[in-house]
Amino acid sequence: MRRVWALVAVLVVLVGGCSANADQRVRITVATFGEFGYEPLFAEYERLNPGVDLVGRVTDFDSHHKGLITALAAGRGAADVVAVEEQYLPALRRSRDKLVDLSRFGARDLRGRWSAWKWEQGVVGDAVLGLGTDMGGLAMCYRRDLIERAGLPTDRDALAALWPTWQAYAEVADRFSARVPDARFTDSAGTVYTAMLNQAEENYFRTADDAFIGDTNPAVARAFELAGAIGARHQTAALTTFTQPWNVGINQGAFATMTCPAWMLAQIKQAGGPGGAGVWDVTTVPGRAGNWGGSYLVVPAQGAHTEAAYAAAKWLTAPAQQKRLFESDNILPSQPEVYRDPAVLAHTDPYFRDAPIGRIFAASSDAVRPNHRGVRDADVRPVFGRALGRVEDGKQTVDQAWRQAVDEARTVLR
């Protein structure tokens, strides 16, 4: 009987030990807005790290970011790793104490991975708040059928040569509108305006002290005036990006051109459907460079496994994974080592008539300059977007819309 009880005791210890080991698995949630292409990577990471489970949490853009801000304020509810789109990153500077300084885990040793401007956007003072995922290197997408109807060259390089500057782009819009009255030259004044702003070093706030300069910055005024003039001449389809009418416009040929970061190609394919294959093409944007979008992975301090969360974020943003995501999903790497890789440079897309998107987006990314986003940028930027909408709708002149936007921005910032 003593031997039986001894055996039972051993079995209890063994079973208890297995249960404890099972309970010791670390569960890391990774929250993103939309699909980041991470699911296959999660499986590989779990294979390489048997004690870790990576679980994705996907929501829409607005709900995701508003949920993060709420969770940080409440001190609970945030995922272990959270993707933050670059326009929301400045607002998180005010919550920096609620995010882990990743330099605690050696993040500063990774600095050489990223383009300097991309790295700096994720740094506040001495603290590293985020590791860069993709970026939104700018190009210009265009419908060859509409461009051909206007008597313009459909060849990528020849077409781009017509618009080395945004002023030249506006002049091409005049030529197009004179010959194709039943379609518009571009999707909206807002996308033109955004592209121009993203090519400037400063927008609404001064780099040195984050003071509001949107009312005096020549770069903002020029962008508003040019984009507004295109809208006032009804050369835009006046379609808000990512809405259902915008998707329909892509599908039905409502407009001929639109600025497109790399991540937008997937949305054009989805909206354009099979009938858009070979109709849409990609070339160089006026000004030859720029960035629209791109994200960072941050680690909320409220998490129970912050070091394990950092390890997962570090791996997900490593060069090998960035390269795979570009090859599988056209998610543009933010690391020069990757986007200059021969395989990436040689990448083409059959939907866009085998456009050399690797070369086009790499060239755009190489020429990007740092673009300062103020802490209150997300409060001010929509004011000017709505103003351009009023111009497109014929409710205000460009000057009237500008004056109202400046007044509203000052009011918002009080």
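A Cβ distance below 8 Å, combined with a sequence gap of six or more or placement on separate chains, defines the contacts here; from the range 256-281, residues that are closer than 18 Å to GLU327 by Cα reach residues that are charged (D, E, K, R) and buried (at least 24 other Cβ atoms within 10 Å of the Cβ) in the pairs ALA262/ASP134; TRP263/ASP134. Step by step: first the residues of the range 368-391, then only those that are in contact (Cβ under 8 Å) with a residue 40 or more places away in the chain and farther than 24 Å from ARG206 by Cα, then the one that is surrounded by the most Cβ atoms within 10 Å (Cβ to Cβ). Which residue is that? This residue is VAL391. Annotation note: Cβ proximity below 8 Å between a residue of the range 162-187 that is farther than 19 Å from CYS260 by Cα and among the basic types (Lys, Arg) and a residue that is modelled with pLDDT of 95 or more and in a helix (DSSP H, G or I) (sequence gap 6+ or interchain) occurs for ARG179/ARG149.
Answer with yes or no whether THR397 is open to solvent by 60 Å² or more (accessible area, probe 1.4 Å), of a type in the set (Val, Ile, Thr) and either in contact with a strand residue (DSSP E or B) (Cβ under 6 Å, 6 or more places away or on another chain) or modelled with pLDDT of 95 or more (or both).
On the way: open to solvent by 60 Å² or more (accessible area, probe 1.4 Å): yes; of a type in the set (Val, Ile, Thr): yes; either in contact with a strand residue (DSSP E or B) (Cβ under 6 Å, 6 or more places away or on another chain) or modelled with pLDDT of 95 or more (or both): yes.
Yes.
SER365 falls short of the stated requirement of being open to solvent by 40 Å² or more (accessible area, probe 1.4 Å) and at pLDDT below 90.
Listed by first and then second residue, the pairs linking a residue in the range 70-87 that is modelled with pLDDT of 95 or more to a residue that is β-branched (Val, Ile, Thr) and part of a loop (DSSP other than H, G, I, E, B), with Cβ atoms under 8 Å apart and 6 or more places separating them unless they lie on different chains, are ASP80/VAL299; VAL81/VAL299; VAL82/VAL299. Among residues of the range 401-414 that are touching a residue at least 60 places away in the same chain (Cβ under 8 Å) and closer than 15 Å to ASP377 by Cβ, those with a beta-carbon under 7 Å from a residue that is open to solvent by 60 Å² or more (accessible area, probe 1.4 Å) and basic (Lys, Arg) at least six positions away or on a different chain give the pairs LEU413/ARG376.
Are any residues in the range 55-72 under 18 Å from GLU86 (Cα atoms), open to solvent by 80 Å² or more (accessible area, probe 1.4 Å) and not in a helix (DSSP H, G or I), and if so, which ones? Scanning the range 55-72 gives a single hit, ASP60. Out of all the residues in the range 348-359, is one or more open to solvent by 40 Å² or more (accessible area, probe 1.4 Å) and more than 20 Å from ASP157 (Cα to Cα)? So far as the range 348-359 goes, no, none of its residues is open to solvent by 40 Å² or more (accessible area, probe 1.4 Å) and more than 20 Å from ASP157 (Cα to Cα). Within the range 147-157, being more than 28 Å from the chain's Cα centre (by Cα) and among the aliphatic types (A, V, I, L, M) holds for ALA150, LEU152. List every residue pair whose Cβ atoms sit under 6 Å apart, with the two residues 6 or more apart in sequence or on different chains, where the first one lies in the range 336-356 and is free of Cβ contacts under 8 Å to residues at least 40 places away in the same chain and within 23 Å of SER115 (Cβ to Cβ) and the second, anywhere, is open to solvent by 40 Å² or more (accessible area, probe 1.4 Å) and part of a helix (DSSP H, G or I). From residues that are free of Cβ contacts under 8 Å to residues at least 40 places away in the same chain and within 23 Å of SER115 (Cβ to Cβ), the pairs are VAL338/LYS323; LEU345/ARG359. For GLY75, the conditions (1) touching a helix residue (DSSP H, G or I) at 6+ places or on another chain (Cβ under 7 Å); (2) at positive phi all hold with the exception of (1). If only residues of the range 149-169 that are out of contact with any helix residue (DSSP H, G or I) (no Cβ under 6 Å at 6 or more places or on another chain) and among the aliphatic types (A, V, I, L, M) are counted, the one that is farthest from PRO356 (Cα to Cα) is ALA168.
The values are calculated or read from the model by the stated rules, or taken from the named source; none is laboratory data. Since this is a predicted model, take the numbers as computed values, not measurements. When we count neighbours, we look across all protein chains shown, and the Cβ atoms used for this are built from the backbone with ideal geometry, even at glycine. Remember, those area values only see protein heavy atoms, side chains included, never the ligands or the DNA or RNA. Shrake-Rupley method; radii C 1.70, N 1.55, O 1.52, S 1.80 Å.
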